[in-house]
Amino acid sequence: MAAPGPSPQQMAAMQQQFAAEAAKRGLTPEEFAKQQREQLAADAAKHNMTTEQYVAQLRMRALAAHQRQVEAQRIAHAQAQAQAQAQGSQSPAQPGQNLPAPPQPQPQQMTRQVPVNPSNPPDPKAIAVAQFLQSQNLKTRTCIMDGQRKQLFKVKRAIRAIESPAYAKAAAKKNSILPPVTDRASAENVFKLLPLSLLALRVSKVDPHAGHNHAKPKNRTKGQWTVRIEQHQETDPMMHYVWLYEGPQWKQKVLAVGVVAAIFAVVLFPLWPMFMRLGVWYLSVGMMGLLGLFFAMSIFRLILFCITVFAVPPGLWLFPNLFEDVGFFDSFKPLWGWQEEKKKKKSKKVEAGATDSTPSATTTATAASDASSAVKRDLAPRVEEAEE
């Protein structure tokens, strides 16, 4: 259940405190708010994060500190209650003596909250678990978080992968740093390493157009959720988590270096040796020649079809599969083919009625004409199907 928002009195007090703080610095509240936003943006840039991610991280830090404070108060209350019970067992309680109030029964939670501490560096064990899970088939789907595409997965599939024999084999042979798993509780504890190191966080689906009066956009991406990070990191099997760990970046670095090298090579083209520039010129001329030959062949086959559609109907196509959805070599198979004609299908009732109403002499004549027409050239299309 979400915590209730501040009351109007608390909001007024917060505004007065904000105005007093701005007055101490010799600024107006608007200027002080702008300065705070610029400071947040600078701090987020130092941590290589966006402003929204940095604010969410600060909220999680405050939430973790609050949870630690509540846990400390609970432990202190439990110790005081145990001490009071010990004193009560030694001496009977006097009338009028103040005794600690019994603790209020807390509602039983079906899931366990995971305290997140973003100030700690990622645990090597958590990184090993993240790398193993990303190598498994978690049936991830793409979602939108803070305007960026992320990979979404369910907790139950991650727990299932941790309990699988593949994890035990990887922990025994490939990566010994993986924590051991013996039962369901230990598998959940292994999964909790991900939110503790901010490698994966629990999210929930939100509607980006909720509360807006305008209509939904027509070009809205279908099948992609818009999600936000939840404050309570729980491990219910049906909850969704999103990957924040992107793995080793050596592939992206190599690709970036290759792109930069290609750009420099193009820019420094006047400094190339003469044989390299000559080779590039011949290559470009050859590519343009092949492209022109392709267009010429397309125009020639169209002209040939227009001629043959009147001379030898139904028309002849050169390379009939040239523009079909087939492979490169299958586009040139077969060499030629007749234009396909759509045959009109007659219903059985019409054929049966025509047979019954036709005299026997006419039937005999029709059969004879069919027999004589069998020797004629079949103009039906003979375009061969390209092999897959």
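So the values come out like this:
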read-out	value
First in the range 258-270 and within 18 Å of Trp281 (Cα to Cα), second anywhere and among the aromatic types (Phe, Trp, Tyr), Cβ under 9 Å, 6 or more apart	Ala265/Trp272
Flag if Met274 is out of contact with any helix residue (DSSP H, G or I) (no Cβ under 7 Å at 6 or more places or on another chain) and either modelled with pLDDT under 85 or of a type outside the set (D, E, K, R) (or both)	yes
All positions within the range 59-82 that are surrounded by 14 or more Cβ atoms within 10 Å (Cβ to Cβ) and of a type in the set (A, V, I, L, M, F, W, C)	Met60, Leu63, Ala64
Scan of the range 30-50 for residues that are of a type outside the set (A, V, I, L, M), touching an Asp or Glu at 6+ places or on another chain (Cβ under 9 Å) and in a helix (DSSP H, G or I), ordered by number	Phe32
Only one of Ala93, Ala80 that is hydrophobic (A, V, I, L, M, F, W, C) and either part of a helix (DSSP H, G or I) or modelled with pLDDT of 60 or more (or both)	Ala80
Flag for Pro121 being exposed (fewer than 14 other Cβ atoms within 10 Å of the Cβ), at pLDDT below 90 and in contact with a helix residue (DSSP H, G or I) (Cβ under 6 Å, 6 or more places away or on another chain)	no
Subset of the range 155-186 that is surrounded by fewer than 18 Cβ atoms within 10 Å (Cβ to Cβ) and of a type in the set (Val, Ile, Thr) - its residue that is farthest from the chain's Cα centre (by Cα)	Thr182
Tabulated pairs, the range 180-193, first touching a residue at least 12 places away in the same chain (Cβ under 8 Å), second part of a helix (DSSP H, G or I) and of a type in the set (Lys, Arg), C-beta under 9 angstrom, 6+ apart or interchain	Ala187/Arg160; Val190/Lys125; Leu193/Lys125
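The values are calculated or read from the model by the stated rules, or taken from the named source; none is laboratory data. These numbers were taken from a predicted model, which means no experiment stands behind them. Using ideal geometry, Cβ is built from the backbone for each residue, glycine included, and neighbour counts are taken over all protein chains shown.
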